[in-house]
Each structure stands twice: as structure tokens, then as C-alpha cells.
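Note sheet for the following structure.
The values are calculated or read from the model by the stated rules, or taken from the named source; none is laboratory data. Note that the structure is a prediction, hence the values are computed from the model and not measured. Heads up, the Cβs are rebuilt from the backbone with ideal geometry, glycines too, and the neighbour counts pull from every protein chain shown.
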Amino acid sequence: MAEWESSRESPLGWRMARGLAENMETWHGATPQLTNDAAEAGNPQTYDIAYGHKIKDREWESKHIYGVRFIDDNGNRVPISKADGMKILNKDAQTNLRIARTARRGGWDAKLRDKWGATWEDLEPEYQRALTSLAYNVGGAKAARLWDKVLKAALDKDVVRFAKELRRQDNERYTAGMDNRVAKEMYYSGLIKKLSTVEDVLPLANARQAGIPS
């Protein structure tokens, strides 16, 4: 369990962080790998590491990602551990959640305050964890801009409506893979104990494929 200890400091929480790492994200490697993102197909320009962290220019220059060294002083690649990967995942989650909450245009904190007179702290931890995973997956700025109704569902503690609003498309269409991801976000955040609770609003999800109880 030691390699997961850093997740205790994350807004994801231990269970969600482990579920995200083991069941929702792919281990991209202990050293930088050319990205296989569809948007860069045929002409990859970026490198990924750990659980899909996209390496930034400043990180290449500093040879560190959130304090984790991945390049030595001679320019050689230094393999990182799964524990280091978890640290990077958690820091990425924190960063994207902060962006989603404080974005100048449509940040979640401002929406909660202005539309419903509420705060982030009014949301139960299970909903906070699922929203953190959303921000991590789609990017904080996009999450802030496009996901409004999901906040109200969280405030109302409406699990089924929350799942419906958390649902999202992949390349402009609903897919089994994305419905399964949302089902896993609901499960590992602690919002549901089995898929049947939300299967009507996630019609393409499959409990066996998602690896959660039916």
C-alpha cells in the first residue's frame, strides 16, 4: 500500500486515486514515450509519462515533474516508479480541479455561488471526488466551461441525474468506453455500489467490462 500513500493528500482520495490509476488510466511508461493521442496521429509532437501526464517544456528544462526526476544531469532518462506516477497523477488532479474551480470564465466556485448560493464545501466528498476525476479527464478549463448541470445534481444529491450529467462523448458520440469510465467514476468515488443504480442513464456501460459490480 505504500506506493499509494501520496493519494491521501489528493482531492481524489485513496480509493478514487487507486481506481483512477489502475482501472481508468493507462500506464504510459516509466520513461517519456511519444504520445499516441488521436489528435496527434501521424505527427506526434509530445511525450507522455506515468498515467498519461503530458510532459511540458519547463519540465524538460528542469528535468523534474512535480519534484520527480525523470532526466539526469547527463540528459539520460531516469525511470520513475509507480509511486512517482501516483504522485504525478494526484498533482495533475489537484491542478485541473483548481483550474475548474477558479477559471476566470465560468469557474465552478463562481457558478455554485452565483447560481445557487452554495460553495464547493457544500458538496459531499463523493461528488467532489467524481468531479475531480472529470476535471482531470477533460481538463480543468473545459470542465469549468461545459459542465454546469452536473454541479446542481451534486448539490441536490441526485445520484442518477449526476450520472446522466457526468456522461460525456468521445469524438462527438457516446461510446461504451466513455460510459464505462463514468460508471467507474461513480463507483470508485463511492456514489454507487453497483452499475444497476445508474444503468438507465449510462446505457452503453457494461459492468463486466467496467470491472464493477452489476
For this session: Give the residue, chosen from Gly106, Gly140, that is under 13 Å from the mean Cα position of the chain (by Cα), closer than 27 Å to Ala183 by Cβ and surrounded by 14 or more Cβ atoms within 10 Å (Cβ to Cβ).
Result: Gly140
Exercise. What number of residues within the stretch 177-192 satisfy the criterion of being in a helix (DSSP H, G or I), touching a residue at least 40 places away in the same chain (Cβ under 8 Å) and not acidic (Asp, Glu)?
Worked result: 6
For this session: Scan the stretch 185-195 and give yes if some residue there is surrounded by fewer than 24 Cβ atoms within 10 Å (Cβ to Cβ), within 17 Å of the chain's Cα centre (by Cα) and more than 22 Å from Arg105 (Cβ to Cβ), otherwise no.
Result: yes
Exercise. Any chance the stretch 162-170 includes a residue that's among the aliphatic types (A, V, I, L, M), within 29 Å of Leu112 (Cβ to Cβ), within 20 Å of the chain's Cα centre (by Cα) and assigned to a loop (DSSP other than H, G, I, E, B)?
Worked result: no
Exercise. Does Gly29 fit the bill of being modelled with pLDDT of 80 or more and exposed (fewer than 14 other Cβ atoms within 10 Å of the Cβ)?
Worked result: no
Seminar exercise, completed: Those residues of the stretch 152-176 which are of a type outside the set (Lys, Arg), under 25 Å from Asn23 (Cβ atoms) and either crowded, with 20+ Cβ neighbours inside 10 Å or in contact (Cβ under 8 Å) with a residue 12 or more places away in the chain (or both) amount to Ala153, Ala154, Val159, Val160, Phe162, Ala163, Glu165, Leu166, Asn171, Tyr174, Thr175, Ala176
Exercise. How do the helices (runs of 4 or more DSSP H) wholly within the stretch 48-138 filter down when requiring 2 or more residues that are among the hydrophobic types (A, V, I, L, M, F, W, C) and free of Cβ contacts under 8 Å to residues at least 40 places away in the same chain: which remain?
Worked result: 108-116, 125-138
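Table: residues versus (1) modelled with pLDDT under 95; (2) in contact with a helix residue (DSSP H, G or I) (Cβ under 7 Å, 6 or more places away or on another chain).
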{"site": "Leu146", "(1), (2)": "yes, no"}
{"site": "Lys157", "(1), (2)": "no, no"}
{"site": "Ala163", "(1), (2)": "no, yes"}
{"site": "Leu166", "(1), (2)": "no, yes"}
{"site": "Glu172", "(1), (2)": "yes, no"}
{"site": "Met186", "(1), (2)": "no, yes"}
{"site": "Ile192", "(1), (2)": "no, yes"}
Problem set entry | Every pair of residues 6+ apart whose Cβ atoms lie under 6 Å, when the first sits in the stretch 195-206 and is under 18 Å from Gln169 (Cβ atoms) while the second is aliphatic (A, V, I, L, M) and modelled with pLDDT under 95 | none
